[in-house]
1. Looking at the range 223-237, I want the residues that are closer than 17 Å to Gly115 by Cα and of a type in the set (A, V, I, L, M, F, W, C) and have a partner that is open to solvent by less than 50 Å² (accessible area, probe 1.4 Å) and assigned to a helix (DSSP H, G or I) with Cβ atoms under 6 Å, at least 6 apart or on another chain. Which pairs are those?
2. Is one or more of the residues making up the range 575-588 in contact with a helix residue (DSSP H, G or I) (Cβ under 8 Å, 6 or more places away or on another chain), open to solvent by 30 Å² or more (accessible area, probe 1.4 Å) and of a type in the set (Ser, Thr, Tyr)?
3. Considering only the range 550-566, state which residues are open to solvent by less than 30 Å² (accessible area, probe 1.4 Å) and not aliphatic (A, V, I, L, M).
4. Out of Gly268, Gly301, Gly312, which single residue is touching a strand residue (DSSP E or B) at 6+ places or on another chain (Cβ under 9 Å) and either within 26 Å of Phe449 (Cβ to Cβ) or open to solvent by less than 50 Å² (accessible area, probe 1.4 Å) (or both)?
5. Restricting attention to the range 113-133, which residues are buried (at least 24 other Cβ atoms within 10 Å of the Cβ) and touching a Pro at 6+ places or on another chain (Cβ under 9 Å)?
6. So which residues in the range 453-462 are under 26 Å from Leu257 (Cβ atoms) and either of a type in the set (D, E, K, R) or surrounded by fewer than 24 Cβ atoms within 10 Å (Cβ to Cβ) (or both), if there are any at all?
7. Could you tell me whether Gly290 is closer than 29 Å to Pro120 by Cα and touching a residue at least 12 places away in the same chain (Cβ under 8 Å)?
8. Given the conditions (1) open to solvent by 50 Å² or more (accessible area, probe 1.4 Å); (2) of a type outside the set (A, V, I, L, M); (3) under 19 Å from Tyr135 (Cβ atoms); (4) modelled with pLDDT of 85 or more, report the number of the one that Ser419 does not fulfil.
Amino acid sequence: MDDKKKYLNASGYSLRGSNYSINIPQDGIINPGYRGSSEFMLDEEEPKSTTEQIKEIPSKIKKKAQNAFRKKNIYKRIPIFNWLPKYTKEDAIGDAIAGITVGLTVIPQALAYAGIAHLPAAYGLYGSFLGCFIYIFLGSCKDVPMGPTAIASLLTFQVAKGSWQKAVILCFLTGCIELLMGIFGLGFLIDFVSGPVSSGFTSAVALIIFTSQVKDIFGIESSGGTFVQMWRSIAKNLHAIRIGDTVMGLSCIVVLLLMRLLPNIKIGPKNDAEKNTFHKIANKTLWLVGTARNAIIVVIGGAIAAYFYNNGNTNLLIMIGDIPAGLPAFQIPPFSIPAVVNETSGEIIEEGLSFMDLISELGSGLVVIPLIALLENIAICKAFANGKTVDATQELIAIGTANIANSFVQGYPGTGALSRGAVNNASGVRTPMGSLYTGILVILSLLFFTPYFFYIPKAGLAGIIIAAVIFMVEVRVVKPMWRSKKTDLIPGLAAFIACLVLPLEIGILVGIGINILFILYHASRPKIHMEKAITPNKGIKYLLLTPDRCLIFPSVDYVRNLINKQGLRTQVPVVIDCTHIYGADFTAAKVVETLVKDFNMRRQPILFFNLKPSVCGVFEGVSLDFKLYYDYEALEVAIEDLNIIGSPNSQNSLNPQIHRIATAESA
């Protein structure tokens, strides 16, 4: 083929089952007026039969397996091989500072989040160290600190109902599902959770978590799994409010909100180059105090509680109580729960649960929790990616493996938390190695500081959670969403209300379902551009209709009715410009066949222009006879000829079996 792109001989083409008659320009050169789809590729190879394709499956699987162990793929799936050889002293210092800073945030958060999951405080710490070490090897984002989160803790409570055995097996199964999703490349599933649905879900979660901590602020008992049930229970027990816990909780919230402002305070000149040593130390101190505010509040609150407790005021504050010292035992997750039996009478107090019973009780949480965990993790990666692409598949592999490992040390489901990720980034983390120091700090706290955790007041932990989650309510997105596209508020509002009224895993599915309905409705109602045109030679009027998207089963009846309506109204030849139709299915082919028959019955020409070969193949699968063109000149000549043949005064009738005519496109 030379630079002029001459046509090949027509006999050299294999058009895959098409009985086209191809009009070749006499000079063999592309004319400027020729238009065609860039998708129109002519292949000289004969199509393979189904039997041949089935025989090729083992060799394809073998090739995939060989590719999986190539150096490039290994480095992609174990990211530590990429950055560890380039690790420097500066990286080590930055990671150590960031890891210790995040550790000071993780420990009080882990104790508090365990309360959201209605588990003993120790289980929050159990899920905060081994996963950190796993993520160092498999994680692709330096800013992700693996561990319990507020959303994951709330979902764990609604699914596991406060049972540590269910929470641990949920962690194992969640990890397995995440790992399988990563292996099979299902990271794209988070694309089904749109921005409005995510905002509605996050805002509802923030309000539910806030509500779940009100009981500890007031020192009262409450129950219920949904927002409405919790507030009903709180209202019934408000008469039992405790003054000591209320003062402690509200004071912690106020102090935490004020300390949150400290990193924004800058002492000295605005230009960093003009600041002296005192200014730099003061600013760094303010930043450190503001960043480690949770740990500071826990220490001060624990000191106050210990003072009163050791001086006889044992009932002034409710404390989290004893936490077992030492690391948890490394053991297989509980794949069943034995029955609780009265040792004296032998009576069964509580029925045991088999593995299948556990899966049945965990239900939709096994789908929702991995999806939400990925959503949280990807939010951190995107927030600090600086324009780089985020590998959702690799993140699924990393957090899935981390959760499987955590289940062997009695951890419950976790992922990366955006608040800790922000601290990690602001602390100057350089690589995922920062998680090493965070995990070591959690281990040290379990080994040496658990006796002191006894004095931490529950109201203080509740204050830490409330001061964090009130900023999760995404009110700020409503106004731009209203300005941008008002209908996006519907799935967002539906997700918000559903998550407040129903269990969270059901609420998020409701939001996703409504969003998908909007997408399906949009797909079923394509826009069709209508243009009235006249042929240049004989002045024959015709109607040019251009659909703006592919033809699939939800939309074809709508398109057929619309084309028929316009055809009956105008009674002129109709041309369907298929430039934007990049895909079709069997239902579409059958409906187009009916459409062609409708036009032929009333002897009204209908022609197709610029149809992609892949779509053409679908139409040919139902033996559809239609007239197809790839050149405007040939199209308009055909309109003039067909209009004469099909006119009422003509003695000839329009032959429905007329062969399709096409002009070959440049290779």
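1. Once the first residue is closer than 17 Å to Gly115 by Cα and of a type in the set (A, V, I, L, M, F, W, C) and sits in the range 223-237, its partners that are open to solvent by less than 50 Å² (accessible area, probe 1.4 Å) and assigned to a helix (DSSP H, G or I) give Phe227/Ile208; Phe227/Thr211; Phe227/Leu500; Met230/Thr211; Ile234/Val214.
2. Looking for residues that are in contact with a helix residue (DSSP H, G or I) (Cβ under 8 Å, 6 or more places away or on another chain), open to solvent by 30 Å² or more (accessible area, probe 1.4 Å) and of a type in the set (Ser, Thr, Tyr), one finds at least one in the range 575-588, hence yes.
3. Across the range 550-566, the qualifying residues are Cys550, Ser555, Asn564, Gln566.
4. Unique residue meeting the criteria: Gly301.
5. Tyr113, Ala114, Ile116, Ala117, Tyr123, Gly124, Leu125, Tyr126, Gly127, Ser128, Cys132
6. Within the range 453-462, Phe453, Tyr455, Lys458 meet the criteria.
7. In short, yes.
8. (4)
The values are calculated or read from the model by the stated rules, or taken from the named source; none is laboratory data. Keep in mind the model is a prediction, meaning the values are calculated, not measured. With ideal geometry, Cβ positions are generated from the backbone for all residues, glycine too; neighbour counts draw on all protein chains shown. Each accessible area value is taken on the protein alone, full model and side chains, heavy atoms only, with ligands, DNA and RNA left out. Shrake-Rupley method; radii C 1.70, N 1.55, O 1.52, S 1.80 Å.
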